[in-house]
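*Asks:* Just dropping this structure here.
Read-outs: derived from the displayed coordinates by stated rules, not from any lab. Please read all numbers here as calculations on a predicted model, not as lab measurements. Neighbour counts run over all protein chains shown; Cβ positions are idealised from the backbone, glycine included.
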Amino acid sequence: MTENIFATVRVAVLAALHQVVPDLAQDVAARVEVTPTKDPAHGDMATNAAMVSSKAARRKPAEIAAALVEHLAGQAMIVSAEPAGPGFVNLRLDPAAFRAVVPTILTRFEAFGGSDLGQGVRVNVEYVSANPTGPMHIGHCRGAVVGDSLANLLAKAGFDVTKEYLVNDAGGQVNALAWAAYWRYLQAIGTTLDEEAFAAQVPGGLQYRGEYLIPVGEALAATHGDSLAAPDNGVAGVQLWFETVRDTALSMMMAGIREDLALLGVSHDVFSSERELAATGATDKVIDRLRGMGLIYEGVLEPPKGKLADDWEPREQTLFRSTQFGDDVDRALRKSDGSNTYFANDIYYHADKLARGFQVMIDVWGADHGGYVSRMTSATKALGGRLDIVLCQIVKVLKGGEPVRMSKRAGTFITLRDLLDEVGRDAVRFTMLTRKSDAQFDFDIEAAVAQTRENPVFYVQYAHARCRSVLRAAAESHDVSPETLAQASLDSLADEAEMALLRRLATWPRLVEQAAQSREPHRIAFFLYDLAGDFHMLWNRGRDDAALRFIQADRPAETLARLALVSATAVVIRSGLAVMGVEPVEEMR
């Protein structure tokens, strides 16, 4: 039997379905599911087998369900099968099937729940990829946590995962960074500057005025003295200083970003440079490749929606036929000056990933990039690849019900480090996963550190700490090693609360696969909260009923069974927290 008890039962369901519908098509069989029932009173599991096969079999779902019941009832593990609703079958399992999960957990430890779903398929998960123009901020934080946890989740589900960061070190924002860093350099060498007069001379204005660039100016001054000072405060001699200042600023910004990510527990396997990719000139080769496929043409696009006639100048452009792959309009690949658009460069970047052997690509983006999804997925389809996009909505930070003020150091936003200093890494990571990534989210600082049931991270950590406390107390008089507990007789685990906990533990392998397939790491947080609830329920039952307490001196067999259940619960909590990048707590202080 596999670790995934639902997969085991699904095999039995399919075998029965093939007897009822002998010529069952493979694509129909693939749609058969075995899921937990929403109400335990209806059984342990339910299957849609009769519903999904009725059309192909040209039989009523209820008729197929009735036949399935006859074939399933009494099979190994299945105590009863009953038709339900318009073509579903509810299944009740032998409690021994759920008890058998415990020794498996205690043998596999935190590896329990791992799957061969991915079959070693190479997956590239790109996330954060923040412009290196300042410190990490709260918006980057959510994408960082979601991306990192998703990568961990995919690895647990059997994929070969590479975590990647694209350094956006080219384009107008980097030029603006260079000018802002030069302004701080001029201050560092003692030049008397009128800030607004200087800003008026800067192309596009002085965009980055946060204090975080002061150390960059000081570092430039310490290394170069006043040798970078150009006439008219840089405007007339920009070529003298620009590359040096830009490269120094980028290097220091990326160093700070890496430090911030490390504090968040995030590390990437690969850092790719947009500037280096563009310098290869390979974007043009990819465009030529698409042209050879008949997907590039010269044409004029319709004006964007909302544009008035006098706001729109029709002109011929180099266009990609993205509408052939599901996009709503074709997309431009070259600007009016003949240079490549960002979209063209991004096509090459994803073509480069494909060339590196990644069979699946996943990009984690901010919700403000939602309009960019269809064109990029169209381009990767044209190149023969698969790109999944995970969007992260904005996060608002609250304290006392009021928005938190912006960081003085950053100038215009709340930094990641500010948030980490307030609540700590584990609370940040867990809390960021308590909502689906594409849902807007208010991060309440006070709630994230509250020691109440309403705070999910505390509730889950407390459950683990309680498990560990029980095992430490038991170790004074019992052998609580996993090897010993895995051999314990579990027949005495029969109380309703004990069975509820066993059923929850059994769903962990299925949950891993489901969350990996849907690209939804927040499901892990939901699962752990429910698991913690089941454990706390059992703990409280023991306080009210002495017969349910974990340690009972006069009942050694029952004690070992319950200690095995407690130990298995702690293992699964740790397994889930590892996916989320959160450390388990041994004791609450």
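*Asks:* Once you place label points 7 Å from the Cα toward the Cβ at residue 279 and residue 75, how far apart are they in nm?
*Replies:* It is 6.1 nm.
*Asks:* Separate question: If you take the Cα Rg of the range 505-589 and divide it by 2.2 N^0.38 Å, with N the number of residues, what do you get?
*Replies:* Normalised by 2.2 N^0.38 Å, the Cα Rg of the range 505-589 equals 1.26.
*Asks:* Then there is this: Two-decimal Rg/Rh of the range 88-217 from alpha-carbon positions, Kirkwood Rh?
*Replies:* Over the Cα atoms of the range 88-217, Rg/Rh equals 1.32.
*Asks:* Net charge around residue 206, counting only other residues with Cβ within less than 9 Å of its Cβ (Lys, Arg = +1; Asp, Glu = -1)?
*Replies:* -1
*Asks:* Alpha carbon centre of the range 193-264 versus the range 35-111: separation in Å?
*Replies:* 65 Å
*Asks:* Looking at the range 437-589, what % of the alpha carbon pairs are farther apart than 26 Å?
*Replies:* 28 percent
*Asks:* May I pose another question? Which residues' amide hydrogens lie under 5 Å from the amide hydrogen of residue 87, considering only partners 5 or more residues apart or on another chain, with H built in the peptide plane?
*Replies:* none
*Asks:* Hey, which lysines would be in cross-link range of residue 60, C-alpha to C-alpha under 26 Å, not counting anything within fewer than 8 residues on its own chain?
*Replies:* 38
*Asks:* Which whole-number percent of Cα pairs in the range 172-263 have a distance greater than 19 Å?
*Replies:* Looking at the range 172-263, the distances longer than 19 Å represent 33 percent of pairs.
*Asks:* If you don't mind, another one. Test of understanding: what is the full-extension gain from residue 436 to residue 235, defined as 0.36 nm times their sequence separation minus their Cα-Cα distance?
*Replies:* Gain on extension, residue 436 to residue 235, equals 67.6 nm.
*Asks:* Another question, if that's okay. At R0 = 35 Å, how high is the FRET efficiency between residue 496 and residue 359 if r is their beta carbon distance? Nearest 0.05 is fine.
*Replies:* With a Förster radius of 35 Å, E is 0.15.
*Asks:* Taking 0.36 nm per residue of separation and subtracting the Cα-Cα distance, what length does fully extending residue 537 through residue 301 add?
*Replies:* In short, 78.7 nm is gained.
*Asks:* Treat each spin label as a single point 7 Å out from the Cα along the C-beta direction, and report the residue 381 to residue 469 distance in nm.
*Replies:* 5.5 nm
*Asks:* Hey, could you get me the Stokes-Einstein D for the range 5-93, Kirkwood radius over alpha-carbon pairs, 20 °C and 1.002 mPa s, rounded to whole µm² s⁻¹?
*Replies:* 172 µm²/s
*Asks:* How do 224, 522, 140 line up, fewest other C-beta atoms within 10 Å first?
*Replies:* Ordered by Cβ neighbours within 10 Å, fewest first: 224, 522, 140.
*Asks:* Spin-label point model (7 Å from Cα, Cβ direction): what's the residue 399 to residue 368 distance in nm?
*Replies:* Here the answer is 2.4 nm between the modelled labels.
*Asks:* Turning to a different aspect of this structure: Could you sort 433-446, 173-186 so that the peptide with the highest average Cβ count within 10 Å comes first and the rest follow in order?
*Replies:* 173-186, 433-446
*Asks:* Here's something else I'd like to know. What span do the alpha-carbon atoms of the chain cover on each of the three principal axes, reported in whole Å from largest to smallest?
*Replies:* Sorted from largest, the Cα extents of the chain read 89, 62, 39 Å.
*Asks:* Same structure again: What is the fewest-to-most order of 374, 336 by other Cβ atoms lying within 10 Å of their Cβ?
*Replies:* Ascending Cβ contact count within 10 Å gives the list 336, 374.
*Asks:* Further, regarding this structure: Using R₀ = 22 Å, calculate the FRET efficiency as 1/(1 + (r/R₀)^6) where r is the Cβ-Cβ separation of residue 421 and residue 209; round to 0.05.
*Replies:* 0.45
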